[in-house]
């Protein structure tokens, strides 16, 4: 019974009464989740996930086959994003018909297993940004997940890993890339602490990645001119850090336009380098350019812009802005919605989960399950294959210390999370081989020496804390000279071949051939271990309910279920 006469306690000072606390609330306030930041909706500055009162009502006007008005704005008043979307991303021949459909009806078609993926995509070719936002607002997260399972481009889900370290140590990076290959990441991505290390990081991922498994594609996320140079030289094989935004002001902050991004995309694709754009809810809020619109509405513009440019895919899921939508009500729902919109517009989606946003393991897991359970083209656009203290992308939602938890979730639910178990002995062997292969390449190319001590450390390291320091000045000078000397992927092939690493050399050579063939420029393309292209053209998602689509079975299920911790009859 509540004590009505004694609900305060005396403060330490003895002169001010303090409110008596409920001990359960005191305990709750110490929980990890309460280290996160939360805010109430504030539509005027864009701090609202979906359905801002400032979002426009869906509308379209077409005259003589041209869009002359969209979502309440006349063409004369279009900003550069509206202009690009209207010109390139909406099919004016069907727009009036599709816009006349009720938003709830369209949402039901996304979920309905009796409506084909192709029919939904046809509808979306004629919708404006505001109409797409209205459709998403009709769906709860379970319905969005059902839609995502049907609408993703590639039948087979996969994932991407981050391979970085705070020291930019190329030996450790090569070893980590090799281990990532064993886990079956189809893509690996690095970035740098110092831009001048970029060539070494790219080289480490190329050699290490092709040691762990054939066909792994890699990128070095750095300043765009450098990133393009690395790709043209065959040291990297894809790019995704080409950002687009939903407002004109945000574009101008980066001295960019949709047209300049389109030109850059063409530069990559014309040289056989797979690329996708990057965007995500919350970016415009962070740049103080949200114009009072909801995060999802602005992100839909980014997705449509990407479709209009013609890139094969989009990295979205809030990405580096995840703390913004995660702080407002329904924010993670909006992140799932942006992934779904991307698939409805027939683009590959690398669906985020790549930056840690919460101190709570429960929130992090709940956010990831939205993409893991239905499956996306790339469930993570950056699972940290390294400890998060080494992840130079500001940490990931999951890191290498979470591997067992993640694999057990996959095993518990019979869901393909994109990675498979790896034995300790195999990891040690691959790491050692990758480090020795890079040592050989460095010696052949006249780069600074990699010592046997470094190889030993990289073979067994948890992270960069276990590595000896390198001479940073010498390394960065050599990396600069490497670019000045015009070193290419073919030089790496020759160096590996001369030193007896013929299998790795063969894999690196095959990656150079892939750039010539261009097969992995198709929508949602990855490469198998034997360099076969797996894409929407030959592995199109055909999910239409139970018994259809991708099913985790056969050898893949055996790999995922056969965890090292499980006891067999022979162990009992």
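No value in this document is a laboratory result; all are computed from the given coordinates. Keep in mind the model is a prediction, meaning the values are calculated, not measured. Positions of Cβ are backbone-derived with ideal geometry, glycine not excepted, and every protein chain shown enters the neighbour counts.
A few notes on this one:
- Between the range 147-190 and the range 511-572, the Cα center-to-center distance that results, in Å: 14 Å
- Inter-label distance, nm, simple model (7 Å from Cα along the C-beta direction), residue 517/residue 88: 2.9 nm
- Two-site label geometry, residue 39 and residue 97: point separation in nm, points 7 Å out along Cα→Cβ: 4.4 nm
- Here 42, 557 are placed in order of increasing Cβ neighbour count within 10 Å, fewest first, which gives 42, 557.
- Remark: relative contact order (the range 317-452) = 18 percent; criterion is Cα-Cα distance under 8 angstrom and separation of 6 or more residues.
- Alpha-carbon centroids, the range 364-400 and the range 405-449: separation in whole Å: 17 Å
- Rounded if a/c under 1.5, otherwise prolate or oblate - the range 60-151, Cα gyration tensor axes: prolate
- DSSP-defined antiparallel bridges as percent of all bridges, the chain, nearest 5: 40 percent
- Residue 68-residue 105 FRET efficiency (beta carbon distance; Förster radius 25 Å; 0.05 resolution): 0.45
- The range 60-151 - percent relative contact order, Cα under 8 Å, separation 6 or more: 29 percent
- With the highest mean first, a sort of the peptides 77-86, 465-474, 193-202, 301-310 on other beta-carbon atoms found within 10 angstrom per residue produces 301-310, 193-202, 77-86, 465-474.
- Value at 222 nm in deg cm²/dmol, rounded to 500, when DSSP H runs of n ≥ 4 in the chain each add -39,500 (n - 2.57): -13000 deg cm²/dmol
- Residue order for 424, 443, 179, 66, fewest other beta carbons within 10 angstrom first, comes to 424, 66, 443, 179.
- Model label zone, residue 423; criterion: amide N under 20 Å from point 7 Å along Cα-to-beta-carbon; scope the range 190-220: 211-214
- Remark: the residue 373-residue 571 segment gains 68.1 nm on full extension, using 0.36 nm per residue and subtracting the alpha carbon distance.
- Average Cα contact separation per residue, the chain, under 8 Å, 6 or more apart, as relative contact order %: 20 percent
- Shape of the chain, Cα gyration tensor, a/c cut at 1.5: oblate
- Sorting 502, 19 from the fewest to the most surrounding beta carbons within 10 angstrom yields 19, 502.
- The range 265-387: C-alpha gyration tensor shape, a/c 1.5 cut-off, then a/b vs b/c: oblate
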